[in-house]
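A quick write-up on the structure given underneath.
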Amino acid sequence: MANIAAQRIKREFKEVIKSEEVAKCAIKVELVNDSFTELKGEIAGPPDTPYEGGNFVLEIKVPETYPFNPPKVRFITKIWHPNISSVTGAICLDILKDQWAAAMTLRTVLLSLQALLSAAEPDDPQDAVVAKQYKEQPEMFRQTAKHWTSVYAGGPAKMSDLDDKIRRLTDMGIEEHNARVALSSYNWDLERATEQLFMTVMAKN
Amino acid sequence: MASFNDLNKHCKDAERNVANTENNKADLESRFECPICLTWLRDPVLTSCGHKFCAQCINMWLRKKGTCCPVDSQPLQPESDLFPDLFTRREISQQRAHCPYQKFGCAIELSPIDIDSHMNKCDFRRQVGEHVSCPFKSIGCSDIIISEEELKTHLEHSTSSHLTEILQLVAKVIPKLTSLEQTGSSTRAMEYKWWDPPPKKNLLSTQDEPCPDWQELVKTLYERIVVLEQQNRELTISLSNQQNHLSSIRTSVRYNDEEMILRYCNGLYIWKLDSFREKLEIMITDSLKMFYSPGFYTSPNGYKICARINVSSKDPRYLSLLIHMMHSENDDALDWPFNGSISFVLVHPVDSERNIRDTTFSKPELEAFKKPTCELNKRSFGYTEFVLIKDLVEFLREDSMIMRVEVKPI
């Protein structure tokens with residue numbers, strides 16, 4: 001079994017490298033170890049989405065039972081998306097779970113993830129907070145996702161008003177990422193985010 | 001006979017082929033490829049939805065993952081929807097591929113399906129790097145040796161040919177060596193010339209020079225020495241003056257630096273208490289004894305504040321950590337009472353996760369935040385029971401304790 005998994009990954013690896021998406025820099029795969037059990041993927045944020053201009057790194061773990069079971073994929077790059085956990089990078093996508101088919105490949109998985117960035121499914125969320133914002137305050141969601149893309153994925157947008165709010169919290173001694181998460185979760189309401197953060201700090205003490 | 005570079009390349013190719021069962025003659029076309037294992041279809045079966053798989057692959061899939069086609073998700077029953085595809089099987093068996101060890105001499109051509117089993121028992125089978133090179137390779141022996149034993153026999157049998165090769169090489173080298181020697185000796189002759197004493201003509205002329213000139217020379221030199229000694233003395237004196245000046249500048253700079261840190265720390269003061277155990281001992285024996293930090297500023301022209309520690313008067317098991325507003329030259333230009341956030345952090349020397357921290361906001365109604373009427377506002381603000389004294393041990397490193405006090409006006 002392990003043999004067929006490694007053999008298939010080798011072939012798929014070649015397929016991705018030769019594919020036209022790689023030529024267009026839309027997707028990328030790198031080996032992490034020699035045994036083909038772990039790979040590093042990269043997808044470009046699709047155009048006309050808040051993720052445009054960002055590069056998102058993925059961890060791909062190939063189980064011994066591949067291709068009869070799907071590869072385990074999660075985002076290494078932090079991302080603000082209803083179907084991706086903003087904490088762990090875990091992905092909620094049917095083809096990585098029960099809808100996996102043995103004829104799918106690394107290339108189709110990466111392209112599906114790219115498609116997921118263009119078309120979120122807020123009714124089947126991985127991150128409930130993000131999904132709620134996506135449904136109730138779409139413009140706020142767009143801004144937040146764009147901001148995260150610029151901070152973590154090298155996206156082009158600079159949003160000084162959001163940065164200012166984060167600085168207000170970091171000035172109070174809050175770690176920057178925690179400040180960003182709190183503000184993003186509370187629709188950039190500085191007061192509520194502060195309240196929530198300081199309650200957590202007190203609880204820790 | 002193949003050259004060594006070629007051989008290396010072929011070995012690598014072979015290895016690649018071993019892994020892929022690919023071959024230049026019969027490239028894997030997509031119609032012969034199983035979508036599950038991505039290699040040549042082995043016992044191909046056709047599904048009712050029109051897709052081909054290896055029998056083993058599709059059965060494994062249906063057993064593990066239920067009941068649909070991996071390509072288009074059409075429902076599939078293993079009993080009724082799979083048909084052996086003998087046509088494709090025949091087509092694949094008619095394809096011809098070279099054995100990947102062809103480069104080592106295997107002339108066999110087989111169908112791609114049979115290559116794998118052949119490769120395991122192929123007489124020419126070997127891994128990359130298994131070949132050994134003849135030690136006489138560098139002088140021109142181009143034989144390719146496969147194993148250690150072969151090398152032994154090769155060395156025994158080819159002694160005469162190796163000797164001939166050596167002879168040819170030596171014959172080529174000798175003329176070069178002699179020419180080298182010749183050029184070497186001529187340069188050496190040149191060098192000797194350089195080191196020869198000056199020709200006699202010069203010697204004669206020095207002898208002709210009269211001695212009084214020498215005395216003149218000594219006199220001039222002596223005068224020059226005196227002048228130089230004088231200059232040297234002057235320079236030493238000026239240098240030592242400069243050094244004194246520099247060290248006085250250094251001291252004042254250090255003093256200014258300390259002042260600067262306090263003034264430009266933006267309200268974030270790191271208070272390092274050295275020989276803390278001694279200080280603690282003093283505070284425990286005399287509960288009125290307190291230690292104050294130097295006054296620091298929230299901004300260059302902002303509020304001046306100092307921190308204070310002492311043993312809590314309410315509960316002597318605790319250490320208090322508080323701040324005092326201090327009088328500064330800018331007080332008249334500032335807003336009172338002071339309004340802002342204050343955070344106290346007891347810094348753990350190793351693990352910042354274990355820092356003890358508390359952040360609070362000023363309370364304008366308290367006396368402590370009003371404008372100081374003397375050098376130090378007598379009222380303080382902070383935590384009288386900040387940390388248990390017995391817990392302090394783990395925060396000490398080399399008997400110093402570090403507190404971070406951060407005061408931010410709003």
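The values are calculated or read from the model by the stated rules, or taken from the named source; none is laboratory data. Source: prediction; values computed, not measured. Cβ coordinates were reconstructed from backbone atoms using ideal geometry, including for glycine residues, and neighbour counts include every protein chain displayed. Quick note on the areas: whole protein, heavy atoms, side chains included, nothing else; ligands and nucleic acids left out. Shrake-Rupley method; radii C 1.70, N 1.55, O 1.52, S 1.80 Å.
Does residue B:334 satisfy the condition of being touching a Pro at 6+ places or on another chain (Cβ under 9 Å) and among the aliphatic types (A, V, I, L, M)? Let's see the steps before the verdict.
Details: touching a Pro at 6+ places or on another chain (Cβ under 9 Å): yes; among the aliphatic types (A, V, I, L, M): yes.
Taking the combined requirement at face value, the residue satisfies it.
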Task: Output for region B:21-61, where each listed residue is assigned to a helix (DSSP H, G or I), more than 10 Å from every other protein chain (Cβ to nearest Cβ) and at pLDDT 85 or above - done: B:32, B:55, B:59
TODO: Sort through A:94, A:163, A:123 and tell me the only one that's of a type in the set (Asp, Glu) and either open to solvent by less than 70 Å² (accessible area, probe 1.4 Å) or touching a Gly at 6+ places or on another chain (Cβ under 9 Å) (or both).
DONE: A:163
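Scan region B:367-392 residue by residue and report those that are away from every other protein chain (no Cβ under 12 Å), of a type outside the set (D, E, K, R) and more than 24 Å from residue B:329 (Cβ to Cβ). Explain how you work it out, then say what you get.
Of all residues in region B:367-392, those away from every other protein chain (no Cβ under 12 Å) come to B:367-382, B:384-385, B:388-392.
Keeping just the survivors that are of a type outside the set (D, E, K, R) gives B:368-369, B:372-374, B:376-377, B:380-382, B:384, B:388-389, B:392.
B:382, B:384, B:388, B:389, B:392, listed by residue number.
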Open item on the list: Out of the strands (runs of 3 or more DSSP E) lying entirely within region A:32-126, which hold 3 or more residues that are farther than 23 Å from residue B:34 by Cβ, within 14 Å of chain B (Cβ to nearest Cβ) and touching a residue at least 24 places away in the same chain (Cβ under 8 Å)?
Closed with: none
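Considering only region B:304-325, state which residues are open to solvent by less than 20 Å² (accessible area, probe 1.4 Å) and either outside the structural domain of residue B:384 (by TED's automatic domain parsing) or over 14 Å from residue B:386 (Cβ atoms) (or both). Lay out the reasoning, then the answer.
Let us first name the residues in region B:304-325 that are open to solvent by less than 20 Å² (accessible area, probe 1.4 Å), namely B:305-307, B:309-312, B:319-325.
If the condition is that a residue be open to solvent by less than 20 Å² (accessible area, probe 1.4 Å) and either outside the structural domain of residue B:384 (by TED's automatic domain parsing) or over 14 Å from residue B:386 (Cβ atoms) (or both), then B:305, B:306, B:324, B:325 are the ones that fit.
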- [ ] Test residue A:172 against the criterion of being open to solvent by less than 70 Å² (accessible area, probe 1.4 Å) and touching a His at 6+ places or on another chain (Cβ under 7 Å), and give yes or no.
- [x] no
Open item on the list: Quick check on this structure: which one of A:126, A:114, A:99 is of a type outside the set (Ser, Thr, Tyr) and touching a Cys at 6+ places or on another chain (Cβ under 6 Å)?
Closed with: A:126
Task: The lone exception for residue B:73 - which of (1) open to solvent by 20 Å² or more (accessible area, probe 1.4 Å); (2) out of contact with any helix residue (DSSP H, G or I) (no Cβ under 6 Å at 6 or more places or on another chain); (3) more than 14 Å from chain A (Cβ to nearest Cβ) it fails - done: (3)
- [ ] Within region A:126-133, identify whether any single residue is among the acidic types (Asp, Glu) and out of contact with any Ser or Thr (no Cβ under 6 Å at 6 or more places or on another chain), and answer yes or no.
- [x] no
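Has region A:17-26 got any residue that is on the phi > 0 side of the Ramachandran plot, outside the structural domain of residue A:135 (by TED's automatic domain parsing), open to solvent by less than 50 Å² (accessible area, probe 1.4 Å) and over 13 Å from the mean Cα position of the chain (by Cα)?
Within region A:17-26, the subset on the phi > 0 side of the Ramachandran plot is A:25.
With outside the structural domain of residue A:135 (by TED's automatic domain parsing) added as a condition, the list becomes A:25.
Those still in the list that are open to solvent by less than 50 Å² (accessible area, probe 1.4 Å) too: none.
No.
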- [ ] Taking only region B:76-85 into account, find how many residues are open to solvent by 70 Å² or more (accessible area, probe 1.4 Å) and either touching a Phe, Trp or Tyr at 6+ places or on another chain (Cβ under 6 Å) or not in a loop (DSSP other than H, G, I, E, B) (or both).
- [x] 2
